[in-house]
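Laboratory data are not the source of any read-out in this text; all were calculated from the coordinates shown. Note that the structure is a prediction, hence the values are computed from the model and not measured. Please note: Cβ atoms are built from the backbone with ideal geometry, for glycine as well, and neighbour counts cover all protein chains shown.
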């Protein structure tokens with residue numbers, strides 16, 4: 001990415017300029033509403049559901065969706081799993097189909113180029129499993145070519161480790177409606193256009209395809225998580241079962257699944273935990289009752305997931321990331337100590353924080369397999385209703401820091417609820433997962449059916465979540481000594497033990513929700529320091545040495561999203577402001593001074609633009625090892641934070 005030619009060499013007051021830009025981009029509700037797109041399977045799934053459920057996409061939206069997909073088509077004709085990724089069959093076929101459904105003709109040069117890429121490599125028959133499922137719903141692939149997703153699995157005894165309630169919530173909430181749709185083998189009305197597309201995405205006539213032979217056919221580009229012998233054996237049994245299933249048992253299972261879908265809809269105000277289960281719930285209700293209130297409510301909330309950006313209209317990976325971004329923006333602004341400049345912005349941000357803490361558990365939480373919720377903060381907003389450990393921790397940290405700077409701080413009882421929520425999330429290994437306690441054994445990952453995602457089956461402990469929770473509890477303990485003190489002390493010690501155990505031999509920590517080792521190491525260092533670990537501790541010395549080794553000639557740090565998939569540091573072509581900021585924040589927290597830090601600060605100052613912002617750069621977010629995702633607000637937040645900490649450091 002070339003440097004912005006208009007960028008000045010340095011601003012006289014970069015912190016003030018960055019604060020001004022941050023405030024200028026604040027939403028009227030006090031939050032920061034940014035781009036949380038990037039995965040290239042989401043928008044095609046949206047188009048597929050709209051086609052199936054006969055949901056009209058307005059002409060202006062269609063044009064912007066087409067522009068987005070065209071913009072991110074690779075030069076050789078394919079589409080990556082995310083906007084900076086290598087081509088995948090899964091996303092290439094789905095984007096092709098979506099463009100056709102949006103009105104782009106088959107003889108369009110871009111679509112000709114797409115067919116030239118995916119047909120010689122196997123076409124739709126070689127797509128990852130999620131792609132085949134979406135095509136099946138459209139009638140563009142036969143359900144006989146899928147490995148079964150029987151709803152009867154939900155009727156297994158809940159004590160079994162393979163019961164779906166043991167899965168990570170994102171996994172189970174996607175496969176929940178998938179099992180209902182699979183159980184009914186639902187398909188869209190076969191239109192002339194869909195019949196045309198059938199002839200375009202295969203190298204042989206649709207009615208001559210050996211669907212059973214295609215079940216386990218996956219292009220090398222899509223096979224990040226090859227099928228284990230365990231899942232191969234399970235699929236063999238399920239394929240024997242499917243044509244012989246009991247209609248009565250299936251009907252009972254379908255009813256149970258529909259009941260669970262209803263719980264999720266009501267508990268999230270029809271937003272749902274994420275975009276894929278949101279889309280599939282919409283489809284379920286379309287086939288249950290096309291004139292019913294559930295479908296109407298789902299259609300009303302579909303737009304929550306759409307985001308208009310410079311590159312077109314996309315579907316985001318969540319309804320938004322406002323709470324998460326706002327907590328970090330508040331901490332960055334408060335680190336500047338520019339009270340008068342940030343006062344109004346902080347007041348508005350605190351209002352958003354106050355308004356979006358979850359104040360009660362969901363009704364009948366045991367029946368819908370939900371963890372407690374009271375006191376937590378979600379990733380986006382209260383109506384979404386799924387609190388997360390690190391979002392709660394960052395919300396608690398921001399609330400405590402803002403107490404003396406806002407007119408009506410959040411009271412002790414609600415902050416104690418947040419601590420209780422954090423304590424309830426700690427796993428037996430001492431770490432924290434995301435939404436819930438880890439419920440299933442690690443060997444469940446052997447049953448991963450997705451092909452192209454990793455670590456989806458259970459809710460693992462993560463260094464980022466653990467560090468955030470340790471930091472938050474230590475901050476609470478400092479502010480309210482004696483409140484939950486014993487529980488916090490014991491919990492923090494177990495958290496520190498987990499963080500130390502997860503450090504790699506090279507001194508780094510591997511991040512899972514950001515790219516990647518700069519992100520994980522920032523969290524690892526801050527968690528240890530919050531718990532009182534001294535700078536001389538070997539873990540911190542090794543972390544500092546690791547970051548020093550990866551500083552680039554321009555003074556910055558930069559990792560490519562491939563770091564997450566390859567599980568090793570992969571340099572970008574030049575420093576990135578966000579990763580430079582994470583690295584600097586870790587180094588300064590560990591007591592590092594001198595040339596390494598000064599060169600990093602110099603990089604941030606040199607690349608800052610006159611309006612206080614930083615130029616667009618490589619994607620910085622990640623989930624499940626392979627799916628990079630935008631957090632465009634990070635560019636407004638973390639460089640400000642790093643510059644502010646550097647500016648307020650004690651002088652030697």
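Remarks
- Descending semi-axes in whole angstrom, ellipsoid equivalent of segment 290-404, from the Cα gyration tensor: 30, 21, 11
- Per-selection Kirkwood Rh - segment 42-315 (Cα, Å, 1 d.p.): 19.3
- For the chain, diffusion coefficient by Stokes-Einstein and Kirkwood Rh (Cα), 20 °C, 1.002 mPa s, µm²/s: 84
- Order by protection proxy (mean Cβ within 10 Å, highest first), peptides 444-453, 38-47, 263-272, 231-240: 38-47, 263-272, 444-453, 231-240
- 0 to 90° range, to nearest 10: angle between helix 109-118 axis and the chain longest Cα axis: 80
- For segment 386-445 and segment 316-367, distance of Cα centres in Å: 13
- This ranking places 358, 525 by how few other beta-carbon atoms lie within 10 Å of each, fewest first, which gives 358, 525.
- Among 390-400, 413-423, the order from most to least packed when residues are scored by Cβ within 10 Å on average: 390-400, 413-423
- Degrees, to the nearest 10: 517-530 long Cα axis against longest axis of the chain: 50
- Ranked packing of 466-477, 69-80, most packed first, by mean Cβ within 10 Å: 466-477, 69-80
- Cβ crowding within 10 Å, taken as a proxy for footprinting-reagent exposure, orders 66, 601, 629 from fewest neighbours to most as 66, 601, 629.
- Cβ-based exposure ranking for 334, 622, 579, in which fewest neighbours within 10 Å come first: 334, 622, 579
- Helix 595-607 and the longest principal axis of the C-alpha atoms of the chain enclose an angle of approximately 60°.
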